[in-house]
Amino acid sequence: MRFTRDDRLLFIGDSVTAAGRDRDDPTSLGDGYVRMIAEALPSPATVVNQGVDGHRVQDLEARWATDVLALGPAVVTVLIGINDTWRRYDRGLLSPVAEFEASLDRVLTLTEEQCAARLFVMTPFLLPAGPEQEAWFEDLTPRTDAVLRTATAHGATVVRTDLALPRAAEAHGAAALVPDGVHPSPLGHRVVARAWLAAAGAGVPSP
């Protein structure tokens, strides 16, 4: 896929996407996969990072009109779900999969209708840092299935970060990629960036 100078590529999600971006600076891309993608694109485009730490799908839906639709992006990439799972285990806050799926469906529908944007949906991922996180898959696996169903229903390009990171862990070890199980290291972010670029047909940066 080729991008022009007039194209706006918008990435939205939680802290994995935000990666330390300065929310007071609309040009800030953070230090993670979004910046890596922007630096690797072989054609000019405007890249926008709308990740916010701690957000779940309901938080994305609440800010979708201002943070996505109002910007008229040509491409929208969403990565969400791990906090919907995590909050169940650390705070007892439930995010039923059916409600999660419906919320994701609504925001993708709005984006299609109002922006005619090309959609990219990235799967949430987890590389357990300890035995307690192994239990999270009970919640995360059906949530990932919901992400895949919704992405397919909307004809979105799917980026299987949940497969790319475990494959990379075979060579590098899980702790080198995602030290706490959730937040990628610089190497982990490179794996995520490579997966997006490969799905977009936009070239792959060296590891």
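Compute the whole-percent fraction of alpha carbon pairs in the range 128-175 spaced more than 12 Å apart. Present the calculation step by step, with values, prior to reporting the outcome.
Values: 790 of 1128 pairs.
The calculated P(r) of the range 128-175 puts 70 percent of pairs beyond 12 Å.
Roll a 1.4 angstrom probe over the protein heavy atoms and tell me the percent of accessible area of the range 127-207 that is carbon or sulfur.
On the way: 2080 of 3610 Å².
Roughly 58 percent of what the probe reaches on the range 127-207 is carbon or sulfur.
Take the Cα gyration tensor of the chain, multiply each eigenvalue by 5, square-root it, and list the three semi-axes largest first, rounded to whole angstrom. Spell out each step's value before the answer.
Numbers: eigenvalues 117, 87, 46 Å².
In descending order the semi-axes read 24, 21, 15 Å.
Place a +1 charge on the Cβ of each Lys and Arg in the chain and a -1 charge on the Cβ of each Asp and Glu, then give the dipole magnitude about the Cα centre in debye, rounded to the nearest 20. Provide the component values of the computation, followed by the final result.
On the way: 19 positive and 27 negative charges, 116 e Å.
Around 560 debye, computed over the chain.
Can you grab the distance from the C-alpha centre of the range 34-71 to the C-alpha centre of the range 151-168, Å, no decimals?
17
Under a 1.4 Å probe, what is the accessible area of the chain per residue, stated in Å²? Walk me through the intermediate numbers first.
On the way: 9010 Å² over 207 residues.
Per-residue accessible area for the chain comes out at 44 Å².
Dimensions of the range 119-207 along principal axes (Cα, Å, largest first)?
Sorted largest first, the three principal extents are 36, 33, 17 Å.
Over the chain, what is the percentage of antiparallel beta bridges among all DSSP beta bridges, to the nearest 5?
0
When only C-alpha pairs under 8 Å and at least 6 residues apart count, what is the relative contact order of the chain, in percent?
On the way: 365 pairs, mean separation 46.5, N = 207.
Dividing the mean separation by the residue count of the chain yields 22 percent.
Any chance you could run the full-extension gain for Ala198 through Leu93? It's 0.36 nm times the residue separation minus the Cα-Cα distance, nm to one decimal. It would help to have the intermediate numbers written out before the result.
Values: separation 105, 0.36 × 105 = 37.80 nm, distance 3.50 nm.
Full extension from Ala198 to Leu93 adds 34.3 nm.
The values are calculated or read from the model by the stated rules, or taken from the named source; none is laboratory data. Predicted model, so just to flag it, every value in this text is computed and none were measured. Neighbour counts are summed over all protein chains in view; Cβ atoms, including those assigned to glycine, are modelled from backbone coordinates with ideal geometry. For accessibility, only protein heavy atoms count, side chains too; no ligands or nucleic acids. Shrake-Rupley method; radii C 1.70, N 1.55, O 1.52, S 1.80 Å.
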